[in-house]
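Below is one structure, written out as structure tokens; comments come after it.
The values are calculated or read from the model by the stated rules, or taken from the named source; none is laboratory data. Just so it is clear, the structure is predicted and the values come from calculations on it, not from any experiment. FYI the Cβ positions are ideal-geometry reconstructions off the backbone, even for glycines, and counts take in every protein chain you see.
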Amino acid sequence: MMNWRTSFLFTLCVGGVFFCASAADGESPPHRNFTLAEGATSLKLSEKLEVSASKLAPELDATSGQLKGLAASGGVLIRVRPEGSETWILVHCEKASYDIAEDVILLSGWPAVKRGVQVLRATSSETFVRVARKSGKWEIKGAHRIEISLK
């Protein structure tokens with residue numbers, strides 16, 4: 001059982017770690033509210049996948065001119081419902097690009113991912129999320145935090 005001194009020291013140490021971690025980066029993430037931006041273009045790719053952004057464009061190979069992927073930029077909002085799931089996953093970021101050859105989606109520019117009450121938010125502009133489209137598995141690279149949103 002913790003006495004008040006141990007409890008106080010524990011609280012002080014944990015608080016210090018969070019303060020140092022947030023002060024070290026010096027950046028403050030933009031507010032991501034998972035709503036469609038005014039003037040955004042929407043593209044419904046299927047009943048379970050919709051992409052909205054200020055700009056949607058194909059990415060072409062510089063030498064062959066063949067389609068190598070798709071890119072969305074400027075207030076990107078992605079709504080996806082995985083197979084067998086009743087809940088939607090919402091993604092908000094500044095850029096999303098899909099690489100056809102690797103079947104991978106890369107999310108950058110302060111990505112935030114919401115599923116149910118859990119929200120994963122980048123806490124650095126360098127943070128990105130890599131999603132393997134076929135398996136649905138994703139990994140985050142860089143500083144981030146996880147929040148619980150009861151709204």
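Looking at ALA96, ALA71, ALA112, ALA57, which one is free of Cβ contacts under 8 Å to residues at least 24 places away in the same chain and among the hydrophobic types (A, V, I, L, M, F, W, C)? Spell out the reasoning first.
Numbers: ALA96 fails: free of Cβ contacts under 8 Å to residues at least 24 places away in the same chain; ALA71 fails: free of Cβ contacts under 8 Å to residues at least 24 places away in the same chain; ALA112 fails: free of Cβ contacts under 8 Å to residues at least 24 places away in the same chain.
Only one candidate qualifies: ALA57.
Out of segment 108-151, which residues are part of a strand (DSSP E or B), surrounded by 15 or more Cβ atoms within 10 Å (Cβ to Cβ) and among the basic types (Lys, Arg)? Full working, then the answer.
Step one: filter segment 108-151 for residues part of a strand (DSSP E or B), giving 108, 112-115, 118-122, 128-132, 138-141, 144-148.
From what is left, the residues that are surrounded by 15 or more Cβ atoms within 10 Å (Cβ to Cβ) are 108, 112-115, 119-122, 128-131, 138, 140, 144.
Across segment 108-151, the qualifying residues are LYS114, ARG115, ARG121, ARG130.
Taking the residues in segment 80-92 that are within 15 Å of ALA112 (Cβ to Cβ) and at pLDDT below 90 as candidates, determine which candidate is nearest to the chain's Cα centre (by Cα). So that I can check it myself, show each step before the final result.
Of segment 80-92, the ones within 15 Å of ALA112 (Cβ to Cβ) are 80, 88-92.
Now restrict to residues that are at pLDDT below 90: 80, 88-89.
Values: VAL80: 13, TRP88: 14, ILE89: 10 Å.
Of everything passing the filter in segment 80-92, ILE89 is nearest to the chain's Cα centre (by Cα).
Specify which of the listed residues (SER42, SER85, SER64, SER73) is in contact with a strand residue (DSSP E or B) (Cβ under 8 Å, 6 or more places away or on another chain) and either part of a helix (DSSP H, G or I) or surrounded by fewer than 14 Cβ atoms within 10 Å (Cβ to Cβ) (or both).
Values: SER85 fails: in contact with a strand residue (DSSP E or B) (Cβ under 8 Å, 6 or more places away or on another chain); SER64 fails: in contact with a strand residue (DSSP E or B) (Cβ under 8 Å, 6 or more places away or on another chain); SER73 fails: either part of a helix (DSSP H, G or I) or surrounded by fewer than 14 Cβ atoms within 10 Å (Cβ to Cβ) (or both).
SER42 is the lone residue from the list that is in contact with a strand residue (DSSP E or B) (Cβ under 8 Å, 6 or more places away or on another chain) and either part of a helix (DSSP H, G or I) or surrounded by fewer than 14 Cβ atoms within 10 Å (Cβ to Cβ) (or both).
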